[in-house]
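The values are calculated or read from the model by the stated rules, or taken from the named source; none is laboratory data. Remember, it's a predicted structure, so these values are computed and weren't measured experimentally. FYI the Cβ positions are ideal-geometry reconstructions off the backbone, even for glycines, and counts take in every protein chain you see. Just so you know, the surface numbers come from the protein's heavy atoms only, side chains and all, with ligands and any DNA or RNA stripped out. Shrake-Rupley method; radii C 1.70, N 1.55, O 1.52, S 1.80 Å.
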Amino acid sequence: MNFATASIHSEQNFSKETGAITPPIFLSSTFEYGNSGNFDYTRSGNPNFRNLSTTISALEQSEYTSVFSSGIAAVTAVASTLKSGDKILAEENVYGCTFRIFEQVFKKFGIEILYIDLSNIKNFSEIEKYSPELIWIESPTNPLLKLVDIEKLSTIAKKFNIPVLVDNTFATPFFQKPLELGATLSLNSTTKYLNGHSDSLGGSVSTNDEKWSEKLEFAQKSLGLSPSAFDCFMISRGIKTLSLRMKQHAKNALQITEFLHSHPLIEWVKYPFHSSHPQYELAKKQMTGFSGMITARLKLSEEKTKEFLQQLQYFPLAESLGGIESLSCHPATMTHASVPQEIKESIGIYGGVIRLSVGIEDVEDLLEDLEKVLEKFSK
Ligand SMILES: *Cc1c(COP(=O)(O)O)cnc(C)c1O
């Protein structure tokens, strides 16, 4: 099955008695012993979880997928497989809440984390030197949209038997398949593009390694990280239009990037599938396109930048991303507010940096909105 077909036809509709085209939501917390689906208690499995994980496996081209109550629950499931004294080598620009759970929770249990710039292949030498139990990357990263060479990194890690996790939330399996590039685990916050309508939370981890799958299923039930049947149904429903949505996000984002690129109030704009991105060649090597995420730096102070975002009509200032509606974010005071000022500046999150999650509205309206407010602030 091709991608769009798989996103619509992978799930089971349980239609034998009713002819239902769409599967029901199974709210039952428990299942009669000996049923042919092997369900026992919803914390450790439910038909709606199974439908969602089967579909995500088809999209990620994986043998196994486990689903969780949020992206952070998926992060918890993976990190909980480590023990005191184990080490994680992480990309320095990981998602803010991933950084927070590593620093404020897992460190307490004796897990060590080293953050380095893994978009620079020179730093791959740390893999052998640090010898971690797990490598954790995002590509492209949030909010700076740096890329990590997943294939090269995975080849080196494999030599030392170190599993590689790729947080695939920003690219989605529509544009990037980390397992095909050699990674061990591909994680998604399904809250974002997979659900796509900003109305549920979820997370997933896909793998081809049976042992990892067993560990993740164990974490789901033993740590209570399971999603709700309702949210799984919503995310499965969202995924049916993933392919259409991603094409439109990409098209709109590219046009907006071009416009911003030529505007005098813009210091720089980053979009991995625009020729101005410093890693455009790598982007083309490991992705087939990119989503609606754009990061730009305005020639304005932090205060003026926030005012600028508040005056946009179609880009409400809000956390999260990946929905059909456009959103804007001011990373320095929102997603990265807890990061010390010197660190923020050293990794490039200045007061004038903005992040746009470009939705699937008519791009003419989005461009007009941006143009109007940019003109106003140029005076
Ligand atoms: C949102 C996000 C997460 C966390 O997901 P939640 O569903 O909000 O818990 C993890 N990684 C990335 C890249 C994200 O954008």
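Here are a few things to note about the model shown:
- The set of residues in the stretch 186-224 being farther than 17 Å from TYR41 by Cα, touching a helix residue (DSSP H, G or I) at 6+ places or on another chain (Cβ under 7 Å), open to solvent by 10 Å² or more (accessible area, probe 1.4 Å) and away from the ligand (no atom under 13 Å from the Cβ) consists of HIS197 alone.
- Residue match in the stretch 325-340 (condition: more than 23 Å from the chain's Cα centre (by Cα), surrounded by 20 or more Cβ atoms within 10 Å (Cβ to Cβ) and not in a loop (DSSP other than H, G, I, E, B)): no
- Condition broken by LYS146, with the remaining ones in (1) of a type in the set (D, E, K, R); (2) open to solvent by less than 50 Å² (accessible area, probe 1.4 Å); (3) in a helix (DSSP H, G or I) satisfied: (3)
- Which numbered condition GLN12 fails, given (1) free of Cβ contacts under 8 Å to residues at least 24 places away in the same chain; (2) under 21 Å from ALA229 (Cβ atoms); (3) open to solvent by 60 Å² or more (accessible area, probe 1.4 Å); (4) of a type outside the set (A, V, I, L, M, F, W, C): (1)
- Screening LYS108 with (1) surrounded by fewer than 16 Cβ atoms within 10 Å (Cβ to Cβ); (2) closer than 30 Å to ILE343 by Cα; (3) at pLDDT below 95 gives one miss only, at (3).
- Of the residues examined, VAL67 is not one that is crowded, with 24+ Cβ neighbours inside 10 Å, closer than 21 Å to LYS108 by Cβ and in contact with a Gly (Cβ under 8 Å, 6 or more places away or on another chain).
- When residues of the stretch 225-241 are limited to those that are part of a loop (DSSP other than H, G, I, E, B) and open to solvent by 40 Å² or more (accessible area, probe 1.4 Å), the one farthest from ILE56 (Cα to Cα): SER228
- Selection of strands (runs of 3 or more DSSP E) fully inside the stretch 17-135 by the criterion of at least 3 residues being over 29 Å from PHE170 (Cβ atoms), away from the ligand (no atom under 16 Å from the Cβ) and of a type in the set (Phe, Trp, Tyr) returns nothing.
- Qualifying residue in the stretch 160-174 (condition: surrounded by fewer than 16 Cβ atoms within 10 Å (Cβ to Cβ) and not acidic (Asp, Glu)): yes
- The residues in the stretch 361-375 that are open to solvent by less than 60 Å² (accessible area, probe 1.4 Å) and either touching a residue at least 60 places away in the same chain (Cβ under 8 Å) or not in a helix (DSSP H, G or I) (or both) can be counted, and the count is 7.
- Among residues of the stretch 37-62 that are under 14 Å from LEU225 (Cβ atoms), those with a beta-carbon under 6 Å from a residue that is open to solvent by 40 Å² or more (accessible area, probe 1.4 Å) at least six positions away or on a different chain give the pairs THR42/SER29; ARG43/LYS221; SER44/LYS221; ASN46/PHE26.
- When residues of the stretch 265-324 are limited to those that are in a loop (DSSP other than H, G, I, E, B), touching a Leu at 6+ places or on another chain (Cβ under 6 Å) and within 29 Å of ALA183 (Cβ to Cβ), the one nearest to the ligand (Cβ to nearest atom): PRO272
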